1. So what is the 222 nm mean residue ellipticity for the chain from helices alone, if each DSSP H run of at least 4 adds -39500 (n - 2.57) and you divide by all residues, rounding to the nearest 500 deg cm²/dmol?
2. Using the Karplus curve 6.51 cos²θ - 1.76 cosθ + 1.60 with θ = phi - 60°, what ³J(HN,Hα) values do you get for each residue of segment 226-243, in whole Hz, with x for Gly and Pro?
3. Find how many whole Å separate the alpha carbon centroid of segment 209-245 from the alpha carbon centroid of segment 1-65.
4. So how much slack lies between K296 and S265, counting 0.36 nm per residue of separation and subtracting their Cα-Cα distance, in nm?
5. State which entries of K6/K81; K2/K81; K76/K208; K83/K272; K66/K235; K52/K219 exceed 22 angstrom in Cα-Cα distance in the structure shown.
6. Extension gain D45-R187, at 0.36 nm per residue separation less the Cα-Cα distance, in nm?
7. Write down the accessible area per residue of the chain in Å², having rolled a 1.4 Å probe over the full set of protein chains.
8. Please sort 205-216, 31-42, 141-152 by packing, taking for each peptide the average over its residues of neighbouring beta carbons within 10 angstrom, highest first.
Amino acid sequence: MKTLTKADYIEGILSGNTVVLSRAITLLESTRDDHQALARVVLEDLLPFTGKAKRIGITGVPGVGKSTFIEAIGEKLIGEKFKLAILAVDPSSQLSKGSILGDKTRMENLVGNPRVYIRPSAAGEALGGVSRRTRETIMLCEAAGYDYVIVETVGVGQSEVAVHSMVDLFILLMLPGAGDELQGIKRGIMEMADIIAINKAFEDDELKIKAKQAMQEIKNALHYYPQKEFSWLTKVKAVDALSGIQLDDLMVGVLQFFDHQNLKSYFTERRKMQDLYWFEESIKQQLLYKFYKDVKVKKEVSRLRAAILQGKISSFKAADELLNYRY
Ligand code: GDP
């Protein structure tokens, strides 16, 4: 494979070449220092071309219907001549040895469509790294001309916070008739959602009734949550991604959301807040990374860990010692 120069990457991405885009993302994901350095300058140069897509995060427990849903709304978007990039964040992939988009049979109707770019998550990395790269991948996709970037994440853990901090619209999918605990949905995730969609809500009469009840329960619960930023009232919808029932209604909700965001420049305000969040996150990540990379720190850490386990020192004192140590 020919080595690409910075100019090759930039030209390829700006002309929407998906092979080059994929290679640039691989570069971002590489842990090699020279790859990281090149990725960084490519991203810097592409910065003026980023930021233009609508970024949508989709979350929900495995099996709730995320890929079916993304496929269904994806078809609607490409039907309107939009270009769509779909990314996945899967912090659990290290354990499951597979990424959430790894299964090739998923989103069959979108795979291979020239208006659609699908990128599974990189497996086996710490969450901090995954989220930083996802954010940068979104930017590369924007430079490559995608109008919508959809980020899929499994709704079970911290990854939602990270994804919420990089999208304009956050959609939570839930199942009818299952309590929050059953669905593994943390309260905080419901609070973050801009739209909550009860999926599989029209399969039979029983589910229809359960979906209605679930909608009511969620609406009641939302009353007790703090008011959302930018005066948006979380919408609760019932849909069936497989048959497409009520999906048009959901898409109206999506458009209303973006109209509302644009109304008072909430859209740019939210992004500015996200930029500040990522500024701070990057500092934290880099400080920790640089700190732990140090050979002397590594040695001290292992010495202190052993001392803690042997009951020779308290964890607090050990932390103090480590931080006050003259390296
Ligand atoms: P994910 O794990 O959240 O991505 O869920 P999938 O999209 O893979 O869906 C899990 C299963 O539920 C698949 O067998 C889908 O065909 C099915 N499914 C998804 N959405 C619906 C729906 O709206 N109605 C019904 N009846 N089945 C659905």
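1. -17000 deg cm²/dmol
2. x, 4, 6, 4, 6, 6, 9, 8, 3, 8, 10, 10, 10, 9, 9, 5, 5, 8
3. Taking the Cα centre of each part, segment 1-65 and segment 209-245 sit 34 Å apart.
4. Taking K296 through S265 to full extension adds about 6.3 nm, to one decimal.
5. Working: K6/K81 30 Å; K2/K81 33 Å; K76/K208 24 Å; K83/K272 25 Å; K66/K235 18 Å; K52/K219 32 Å.
Too far apart for the 22 Å limit: K6/K81; K2/K81; K76/K208; K83/K272; K52/K219.
6. Gain in length upon complete extension: 47.2 nm.
7. Value for the chain: 53 Å² per residue.
8. 141-152, 205-216, 31-42
The values are calculated or read from the model by the stated rules, or taken from the named source; none is laboratory data. All figures in this text were calculated on a predicted structure; none of them were measured in a lab. Cβ coordinates were reconstructed from backbone atoms using ideal geometry, including for glycine residues, and neighbour counts include every protein chain displayed. Surface areas here come from the heavy atoms of the whole protein model, side chains and all, with no ligands, DNA or RNA. Shrake-Rupley method; radii C 1.70, N 1.55, O 1.52, S 1.80 Å.
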